[in-house]
Amino acid sequence: MRYSEMFLPTVREAPSDAELISHQLMVRAGMIRKLTSGVYSWLPLGYRTLRKFEEIVRRQMNLSGAQEVFLPMVQPAELWQESGRWVYYGKELLRFRDRHDRECCLGPTHEEVITDLVRNEIKTYRQLPKNLYQIQTKFRDEIRPRFGVMRSREFGMKDAYSFDVDEAGSEISYRKMFEAYKRIFSRCGLNFRPVEADSGSIGGSYSHEFMVMADSGEDAVCYCGSCDYAANLEKAEIARPDVNVQDVEVPPMAEVHTPAVRTIEDVARFLDVKPSGVVKTLIFSADEVPVAVLVRGDHDVNEIKVKNYLHCGLVELADDETIKKVTGSVKGFAGAVGIKCRIIADFSLLEMGEMVMGANREDFHLRHIIPNRDFPLQEFADLRVVRDNDLCPRCGGKITIARGIEVGHVFKLGLKYSRAMRAVFLDKNGKEQFMYMGCYGIGIGRTVAATVEQNNDQDGIVWPVALAPYHVIITPVNVNEKQISDAAENLYRELIDRGVEVILDDRDERVGVKFKDADLIGIPWRVTIGPKRLAEGNVEIKRRCSGETKVIALNEAADFLNAEIITALS
Ligand code: ATP
Ligand code: MG
């Protein structure tokens with residue numbers, strides 16, 4: 001493509017709302033433009049990369065035996081009522097009425113539509129397993145769209161759905177997708193990790209997220225330095241400690257007046273103990289039943305773990321009235337001694353000796369507390385958020401916390417949708433059975449943005465070859481000098497003949513401007529054609545990723561570049 005003919009509006013300044021480097025660079029490089037909050041247009045350069053990523057995804061999906069479909073974006077409310085998600089999905093689901101006053105929504109995901117399709121067509125075990133996928137636009141009315149196409153409202157997703165006769169078959173389908181995802185993200189040259197994840201609102205039994213590692217990522221990820229255990233922070237487990245607290249003489253429990261002492265640190269300082277010697281008592285309302293959760297003062301409660309442990313639908317911090325009812329005091333002084341509700345404690349309490357807690361009385365704390373001497377405590381569980389240097393639940397190694405961008409998600413759904421929507425088949429014995437399902441998503445635009453987030457420098461984007469919108473840019477330093485422009489035109493044609501994706505920067509611009517744009521849009525190889533080298537029959541080739549340059553004979557340049565690209569892509 002000739003630069004002079006391209007629709008490639010590069011800009012010096014990033015928009016003021018662009019916090020992330022990927023958002024800034026994608027706008028500056030003329031890849032995307034915002035239409036309205038969370039809704040973006042893809043311009044030619046950006047769309048080429050987007051399409052390349054889609055092709056990588058498509059190829060790996062096809063190789064793994066999945067078949068491509070294309071499902072409607074507009075979906076009838078009835079299907080969502082059947083699955084129960086019409087109510088449950090909340091405000092991210094964009095709902096509207098058609099001219100006949102029928103309720104509809106824009107698909108934020110397609111479990112309902114695919115389950116409906118499959119239940120109508122598949123009758124017996126002989127037709128299973130099946131894995132169907134599509135690459136399609138989703139709409140989610142995100143509460144805070146941000147970071148450009150990383151968290152937008154309208155976005156492209158690859159979503160696949162597997163249907164199996166039993167759990168073992170479903171496990172095989174899941175593993176196939178898991179391996180395909182690893183190949184897809186490796187192919188893009190990304191530094192990523194699959195991590196164990198909570199199943200969240202889609203529900204189901206088992207899931208992994210694929211995280212592209214980036215300090216700016218929205219998600220916290222834990223991984224072990226010694227084995228391959230990795231999980232997102234919500235899910236990361238902590239093993240039950242192997243403890244045998246020695247019997248030591250602990251003085252009787254005592255109440256202390258602690259006026260104006262509020263935070264855990266204040267309490268610890270006031271009583272001259274470490275924050276890890278204080279216990280936080282948080283009162284939760286679990287499906288409207290109060291429960292006291294005890295964690296060490298220097299730890300944080302993980303509400304998802306509390307929710308999973310209690311097997312309930314809604315867990316939230318209790319309101320002041322409930323706190324008053326179970327503790328008899330105002331908020332901020334809760335403790336386990338004398339509390340009128342179920343008590344559960346994090347494992348770390350097993351390792352504590354005497355503890356300090358709120359006294360259930362305003363401005364008072366209790367010290368020298370021993371569980372099961374001073375209050376009953378039977379339930380211990382993993383209830384807290386993991387921290388750096390915690391011990392790996394699998395091998396005892398050290399856990400590190402890092403940040404990542406979730407680009408893909410694989411779920412085992414079990415029978416959740418097939419039960420709700422009666423997706424059944426006849427087994428070998430002619431008996432009706434529910435299908436075992438799995439669902440597998442990849443954010444198309446988000447992966448492109450995550451690639452930029454991981455591959456850039458002060459001058460712009462540094463595309464991995466597999467996703468580069470073009471592989472080569474030819475930069476004649478002066479298009480008004482015939483020899484130079486002829487050489488550039490010839491090389492351009494030679495590269496096109498070899499099938500190389502090439503831009504000829506034929507603009508009548510200063511060479512500095514051309515170099516800046518080439519760096520900004522991140523083309524992997526730049527060929528500079530200038531008077532001095534050309535007089536010797538040479539050109540200069542520069543690699544965007546390493547900055548290394550090489551002088552090569554003009555008549556060898558096309559073959560050299562072609563070979564480099566083939567090597568990089570193989
Ligand atoms: P998140 O926790 O980031 O909101 P999610 O759990 O809602 O993600 P899924 O429902 O698993 O996401 O969707 C599959 C994939 O779609 C995600 O892994 C992500 O790559 C992509 N995705 C989800 N929401 C968005 C969005 N608002 N903008 C762009 N991509 C998205
Ligand atoms: Mg979401």
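Report the longest stretch of the chain that contains none of the chymotrypsin sites (Phe, Trp or Tyr not before Pro) sitting in a DSSP loop with at most 11 other Cβ atoms within 10 Å.
71-570
In percent, how large is the relative contact order of region 215-324, given Cα pairs closer than 8 Å and 6 or more residues apart?
Relative contact order for region 215-324 comes out at 18 percent.
Please list, or write none, the aspartates and glutamates whose alpha carbon is within less than 20 Å of the alpha carbon of residue 514, excluding same-chain residues fewer than 8 places away.
Straight-distance partners of residue 514: 5, 13, 457, 459, 481, 486, 489, 501, 505, 506, 540, 548.
Pop out the ³J(HN,Hα) list for region 524-535 in order, Karplus 6.51 cos²θ - 1.76 cosθ + 1.60 with θ = phi - 60°, rounded to Hz; leave Gly and Pro as x.
x, 10, 10, 10, 9, 10, x, x, 5, 5, 5, 4
Taking a Cβ-Cβ separation under 4.7 Å as the criterion for a possible partner, which cysteines of the chain have none?
Taking the Cβ cut-off of 4.7 Å, the unpaired cysteines of the chain are 104, 105, 188, 222, 312, 341, 439, 545.
Which semi-axes, in whole Å and largest first, does the equivalent ellipsoid of region 430-503 have when worked out from the alpha carbon gyration tensor as the square roots of 5 times its eigenvalues?
47, 19, 6
Residue by residue through region 34-47, what is 3J(HN,Hα) from phi via Karplus (6.51 cos²θ - 1.76 cosθ + 1.60, θ = phi - 60°)? Round to whole Hz and write x for glycine and proline.
7, 8, 8, 3, x, 10, 10, 9, 9, 8, x, 5, x, 5
Do the alpha carbons of any pairs in 34/398; 91/235; 91/182; 52/176; 235/431 sit beyond 31 Å of each other, and which pairs?
Distance filter (> 31 Å) returns 34/398; 91/182; 235/431.
Treating the beta-carbon of each Lys and Arg as +1 and of each Asp and Glu as -1, no other charges, what is the dipole magnitude of the chain about its Cα centre, to the nearest 20 debye?
1040
What does the helix-only formula give at 222 nm for the chain: each DSSP H stretch with n ≥ 4 adding -39500 (n - 2.57), the total divided by the residues, and the result rounded to the nearest 500 deg cm²/dmol?
-8500 deg cm²/dmol
Looking at the square roots a ≥ b ≥ c of the eigenvalues of the Cα gyration tensor of region 300-386, which shape do they give, rounded for a/c under 1.5, prolate if a/b is larger than b/c, or oblate?
oblate
Under 18 Å Cα to Cα from residue 550, which lysines show up? Leave out anything in the same chain fewer than 8 places away.
532, 542
Considering Cα pairs under 8 angstrom that are at least six residues apart, work out the relative contact order of region 472-526 and quote it in whole percent.
The value is 50 percent.
Taking H placed 1.01 Å from N in the peptide plane, check which residues at least 5 places from residue 206 or on another chain put their amide H under 5 Å from its amide H.
Distant-sequence amide H within range of residue 206: 412.
What dipole magnitude, in Debye to the nearest 20, does region 61-112 give about its Cα centre under +1 on Lys/Arg Cβ and -1 on Asp/Glu Cβ?
The calculated dipole for region 61-112 is roughly 200 debye.
Would you tally the net charge around residue 289, using a Cβ to Cβ cut-off of less than 15 Å, leaving residue 289 out, and scoring K and R as +1, D and E as -1?
-2
Could you size up the charge dipole of region 473-521 around its Cα centre, putting +1 on the beta carbon of Lys and Arg and -1 on that of Asp and Glu, and report it in debye to the nearest 20?
Computed about the Cα centre, the dipole is about 100 debye.
What does the C-alpha gyration tensor say about the overall shape of region 18-88? Classify as rounded when a/c is under 1.5, otherwise prolate if a/b is larger than b/c, or oblate.
Oblate, because a/c is 1.5 or more while a/b does not exceed b/c.
In the chain, if the dipole is taken from +1 on Lys/Arg beta carbons and -1 on Asp/Glu beta carbons about the Cα centre, which of 88, 334, 552 is farthest to the positive end?
Highest projection toward the positive end goes to 552.
What does the convex hull of the Cα atoms of the chain come to per residue, in Å³, rounded to a whole number?
Roughly 209 Å³ of hull volume per residue.
With θ taken as phi - 60° and the coefficients 6.51, -1.76 and 1.60, list the Karplus ³J(HN,Hα) couplings across region 396-413 in order, rounded to whole Hz; mark glycine and proline as x.
Calculated HN-Hα couplings, in order: x, x, 8, 8, 10, 10, 9, 10, x, 10, 6, 9, x, 8, 10, 10, 9, 8 Hz.
Could you tell me the relative contact order of the chain? Use alpha-carbon pairs under 8 Å, at least six residues apart, and round to a whole percent.
16
Search the structure for amide H atoms under 5 Å from the amide H of residue 529, placed 1.01 Å from N in the peptide plane, and list their residues when 5 or more places away or on another chain.
475, 477
Using the Cα gyration tensor of region 296-338, with a ≥ b ≥ c the square roots of its eigenvalues, what is the shape: rounded (a/c below 1.5), prolate (a/b larger than b/c) or oblate (neither)?
The shape class here is oblate.
FYI, it's all coordinate maths here, none of it is from the lab. None of the values given here were measured: they were computed from a predicted structure. Methodologically, a virtual Cβ is constructed for each residue, glycine included, from the backbone with ideal geometry; neighbour enumeration extends over all protein chains shown.
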